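Structure, as structure tokens:
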């Protein structure tokens with residue numbers, strides 16, 4: 001029995017292992033699925049950013065029809081990664097109202113800022129520096145493309161890193177054994 005084992009080991013050593021070679025059919029198949037994922041990601045980013053711009057522009061157009069100007073006080077700043085929006089309070093007709101900036105606010109908490117609000121509905125208000133309408137192409141489409149580019153770049157670097165570190169799973173995804 002040990003003789004049989006020895007023969008099997010020797011024969012396996014004698015047989016050359018087949019080497020893995022890049023399989024372009026597998027790469028083409030994986031590329032198609034990644035393309036659909038990227039298109040889906042882009043469309044989701046485009047929809048969310050377009051909706052945000054639409055909402056902000058709607059408030060801007062409502063306030064611009066009959067604006068009333070007052071001063072408010074910054075009560076807090078939302079910080080962290082991404083935009084640093086400010087929350088503010090102001091008084092209109094003796095009633096306290098609140099709102100927040102659309103874009104990054106560079107001031108500090110406690111500052112007085114200019115607020116425009118709808119005279120009939122002070123709940124609809126905005127920071128005076130943000131009264132200009134946003135352009136959909138620049139603010140939505142180009143932003144979505146930029147985010148897609150960042151994700152694509154990270155993915156490419158990740159795949160290259162995995163291949164260079166001989167990650168067997170990634171290598172098996174893009175190669176096949178050729179005899």
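Every number here is computed from the coordinates shown, using simple stated rules; none is lab data. Not measured: the values here are computed from a predicted model.
Given the options 134, 119, 111, state which has the largest fluctuation in a GNM of the chain using a 10 Å cut-off (strictly under) for Cα springs. Checking each option, the largest mean-square fluctuation is seen for 111. The angle separating the long axis of helix 2-14 from the principal Cα axis of greatest extent in the chain is about 60 degrees. If you bin all the Cα-Cα distances of the stretch 49-96 at 10 Å, starting from zero, the percentages per bin are 20, 36, 38, 5. To the nearest ten degrees, helix 24-65 and the longest principal axis of the Cα atoms of the chain are 0 degrees apart. Among 26, 77, 58, the largest mean-square fluctuation in a Gaussian network model of the chain (Cα springs under 10 Å) belongs to 26. Which of these, 31, 52, 144, has the largest mean-square fluctuation under a Gaussian network model of the chain (Cα springs below 10 Å)? Comparing 31, 52, 144 in the GNM, the peak value goes to 31.
Where a ≥ b ≥ c are the square roots of the eigenvalues of the C-alpha gyration tensor, would you call the stretch 101-175 rounded, which needs a/c under 1.5, or, failing that, prolate if a/b is larger than b/c, or oblate? Walk me through the numbers before you get to the answer.
Numbers: a/c = 4.82, a/b = 3.12, b/c = 1.54.
Prolate, because a/c is 1.5 or more and a/b exceeds b/c.
Between the stretch 115-179 and the stretch 25-72, what is the C-alpha centre distance in whole Å? Result: 11 Å between the Cα centres.
For the chain, the square roots of the Cα gyration tensor eigenvalues, ordered a ≥ b ≥ c, give a/c of at least 1.5 with a/b greater than b/c, which places it in the prolate category.
Mean residue ellipticity, 222 nm, helices only, the chain: the sum of -39500 (n - 2.57) across DSSP H runs of n ≥ 4, divided by residue count and rounded to 500, is -16500 deg cm²/dmol. The stretch 66-132 has equivalent-ellipsoid semi-axes of 20, 12, 9 Å, by the square roots of 5 times the alpha carbon gyration tensor eigenvalues, sorted largest first.
Based on C-alpha pairs under 8 angstrom that are at least 6 apart in sequence, the chain has a relative contact order of 28 percent. Could you grab the relative contact order for the stretch 66-132? Cα pairs under 8 Å, six or more apart, rounded to a whole percent. Relative contact order here is 35 percent.
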